[in-house]
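Written below as structure tokens is the structure these notes are about.
Please treat every number below as a calculation from the coordinates, not as lab data. All of these numbers come straight from a predicted model, not from anything done at the bench. Counting neighbours? That spans all protein chains shown, and the Cβs are built from the backbone with ideal geometry, glycine included.
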Amino acid sequence: MDKIILAESETDIKRCFPVMAELRTHLKDENDFFQRVKRQQKTADYKLIFLEKNGEVKSAAGIRISECLAWGKFLYVDDLVTLSSERSNGYGEKLFDRLVSYAVENSCEQFHLDSGVQRFGAHRFYLKKRMDITSHHFALKLK
């Protein structure tokens, strides 16, 4: 049975590290990951949500709800990843659908995420989920 869980405890947050490290390869270890998640929870109302099956984390997402003039109230997906060995089993889709429901439940007007230009499989998935490509995201590294 698949379960979607909000990671609040240190144990649950650290359980998400192997999955999240596939997307965020710069993360050093589970302790570094845990500290980053805790900081974001305090400063940006970041939530880490995961899907598990038979006690194993298969997919994870980092989200936050915010508001801006351009989009109104929105849910932003910072991170969404499924274990590479578990892709195409429906885990990412179940988690994505739950995130959309969560946005609706929280009166969000929009649902947003960015995806690296090289992530073609992810792009196919997002387009299949009826998402539109609405902008180019620009970045300037300062360090």
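Summary table below
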read-out: Kirkwood-type radius of the range 85-133, with distances r between different C-alpha atoms, in Å; value: 11.9
read-out: Candidate aspartates and glutamates for bridging to residue 73, where Cα separation is under 20 Å - those fewer than 8 sequence places away on the same chain excluded; value: 45, 97, 105, 109, 114, 132
read-out: Qualifying lysines (Cα of each under 20 Å from Cα of residue 53; at least 8 residues distant if same chain); value: 3, 14, 94
read-out: Residue-span extension gain [residue 29 to residue 73] - 0.36 nm each, minus C-alpha spacing; value: 12.5 nm
read-out: Under 17 Å from residue 28, Cα to Cα: aspartates and glutamates that are on another chain or at least 8 residues apart; value: 10, 79
read-out: Percent of C-alpha pairs per 5 Å bin, the range 1-71, short to long; value: 3, 16, 27, 24, 15, 8, 5, 1, 0
read-out: DSSP bridge orientation in the chain - percent antiparallel, rounded to nearest 5; value: 85
read-out: Within the range 3-98, GluC sites (Glu not before Pro) in DSSP loop having at most 13 other beta-carbon neighbours inside 10 Å; value: 8
read-out: Burial ordering of 39, 130, 87, fewest other beta-carbon atoms within 10 Å first; value: 130, 39, 87
read-out: Helix-only mean residue ellipticity at 222 nm for the chain, each DSSP H run of n ≥ 4 adding -39500 (n - 2.57), per residue, nearest 500; value: -11000 deg cm²/dmol
read-out: Rel. contact order, % - alpha carbon contacts under 8 angstrom, at least six apart, the chain; value: 19
read-out: Likely footprinting exposure, 6, 99, 69, fewest C-beta neighbours within 10 Å first; value: 69, 6, 99
read-out: The chain - Rg (one decimal) and Dmax (whole number), Cα, Å; value: 14.9, 44
read-out: Packing-based exposure ordering (other Cβ within 10 Å, fewest first) of 77, 19, 117; value: 117, 77, 19
